[in-house]
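**Q** Below you'll find the structure I mean.
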Amino acid sequence: MSERVLTGDRVTGKLHLGHYVGSLKNRIELQNNYDTFVELADVQALTTHFEKPEMIKQNVRYITMDYLASGIDPEKSTIFVQSLIPEIAELTVYYSMFVTVSALRHNPTIKSEAEAHGYKDLYYGFLGYPVSQAADITFCKATLIPVGEDQLPHIEQTRKIVRKFNQLYRPVLVEPEALVGEVPRLVGLDGNNKMSKSLGNAIQLDSTEQEVNEKIKDAKTDPERIHKNDPGHPEICPIYAYHRVFRPSGADEICENCRKGTMGCVECKRKIAKSINLLLEPMRQRRADYQEHPETVDEILMAGTKRARIEAKETMREVREAMSLNYFTSK
Ligand code: TRP
């Protein structure tokens, strides 16, 4: 059987370099070899941001632009909106019959996210989003799910749901596998945390050349390097981490010069800003094309959603049949 890839993003903010390094780059390669589905997870975004629906609406368009600008090709990848596939909501209800509350409560990602959001009591939708994510994955019978480590509990939950469903009713669903990338998380401009929009330490993919230059200029470096010739500690410097990722062939030289104090931070930063701008430049051009024709973006989303819906309807028909919910079509 041929593989189908499904990935998705919560639409809570524009995408940044951390997303590019951690997932987009990989997706752009995967779409050449696999039938790829990319979900704009607006319903999942609502589980934590239900008070900001307009923000989610806006981000659906922003993120689609980020996808297209970065090289996700709508001819190869099916980009779709989660809330426009009602079968996902329907599957979520049926799966929720046989997922226990304690399984969800013990999900380590749910636990740490609940803590990060400061939730004392858990919203039903939030606690249940791994079930909804299982519906995201299974409605199109995806087999490969490229994810970061934090998503593994959700993939495991999905696999359990699939096994349970197939054993309870009929073998309709396909058990997916996680495809865990070896890419480490990109450090933020503050050097302390992973790159994240909410921490204000990110370079967004839609940054102008000047914005990149300014952000790099203001980025933290080794605090012990005060004078240009002070020996530095590249291992604690986010700029050096960026050299490793965005300018790998020159990174050893940077490391050596930094340790010896033979290259100052200004020059080192100038070099990395240039490489990042080189990466973003083709994205800027593609983005400008789409910005001139915003209706194309809507057309791409509608076409992708339509294609996804066809898959969803077929799976739903099989699920209803397996669950004896086919009252008027059964023989
Ligand atoms: N939970 C994922 C995240 O926070 C986003 C997501 C939603 C997803 N549905 C998915 C990822 C299905 C993989 C498959 O990044």
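The values are calculated or read from the model by the stated rules, or taken from the named source; none is laboratory data. Just so it is clear, the model here is predicted, and its values are computed rather than measured. All Cβ positions, glycine included, derive from the backbone under ideal geometry; neighbour counts span all protein chains shown.
**Q** Name the one entry in L168, L179 that is closer than 30 Å to N277 by Cα and either in the same structural domain as S23 (by TED's automatic domain parsing) or β-branched (V, I, T) (or both).
**A** Going through L168, L179 in turn, just one is closer than 30 Å to N277 by Cα and either in the same structural domain as S23 (by TED's automatic domain parsing) or β-branched (V, I, T) (or both): L179.
**Q** Can you tell me which residues in segment 115-129 are over 20 Å from S96 (Cα atoms) and either touching a residue at least 12 places away in the same chain (Cβ under 8 Å) or not acidic (D, E) (or both)?
**A** Of everything in segment 115-129, those that are over 20 Å from S96 (Cα atoms) and either touching a residue at least 12 places away in the same chain (Cβ under 8 Å) or not acidic (D, E) (or both) turn out to be A116, H117, G118, Y119, K120.
**Q** Specify the residue that is farthest from E3 (Cα to Cα); the eligible residues are those in segment 175-223 that are assigned to a helix (DSSP H, G or I) and touching a residue at least 40 places away in the same chain (Cβ under 8 Å).
**A** So the residue we want is K217.
**Q** Pick from L24, L17, L84, L68: which is hydrophobic (A, V, I, L, M, F, W, C), more than 12 Å from the ligand (Cβ to nearest atom) and farther than 18 Å from M283 by Cβ?
**A** When all the criteria are applied, what remains is L84.
**Q** Among the residues of segment 139-155, write down those that are in contact with a helix residue (DSSP H, G or I) (Cβ under 9 Å, 6 or more places away or on another chain) and more than 10 Å from the ligand (Cβ to nearest atom).
**A** F139, C140, K141, L144, L152, P153, listed by residue number.
**Q** Which one of the conditions (1) farther than 24 Å from L24 by Cβ; (2) in a helix (DSSP H, G or I); (3) in contact (Cβ under 8 Å) with a residue 24 or more places away in the chain does Q151 fail to meet, given that it meets all the rest?
**A** Q151 satisfies every listed condition except (1).
**Q** Is at least one residue of segment 157-171 away from the ligand (no atom under 11 Å from the Cβ), assigned to a loop (DSSP other than H, G, I, E, B) and within 23 Å of E39 (Cα to Cα)?
**A** Checked segment 157-171: no residue is away from the ligand (no atom under 11 Å from the Cβ), assigned to a loop (DSSP other than H, G, I, E, B) and within 23 Å of E39 (Cα to Cα).
**Q** From V147, V81, grab the single residue that is of a type in the set (V, I, T), within 21 Å of the chain's Cα centre (by Cα), at pLDDT below 95 and in the same structural domain as P53 (by TED's automatic domain parsing).
**A** V147
**Q** Please pick out the residue among D206, D222 that is among the charged types (D, E, K, R), surrounded by 14 or more Cβ atoms within 10 Å (Cβ to Cβ) and in contact with a Gly (Cβ under 9 Å, 6 or more places away or on another chain).
**A** D222
**Q** Starting from residues that are farther than 19 Å from D218 by Cβ and in a helix (DSSP H, G or I), keep the ones in segment 255-268 and report whichever is farthest from the chain's Cα centre (by Cα).
**A** Among those residues, the one meeting the criterion is K260.
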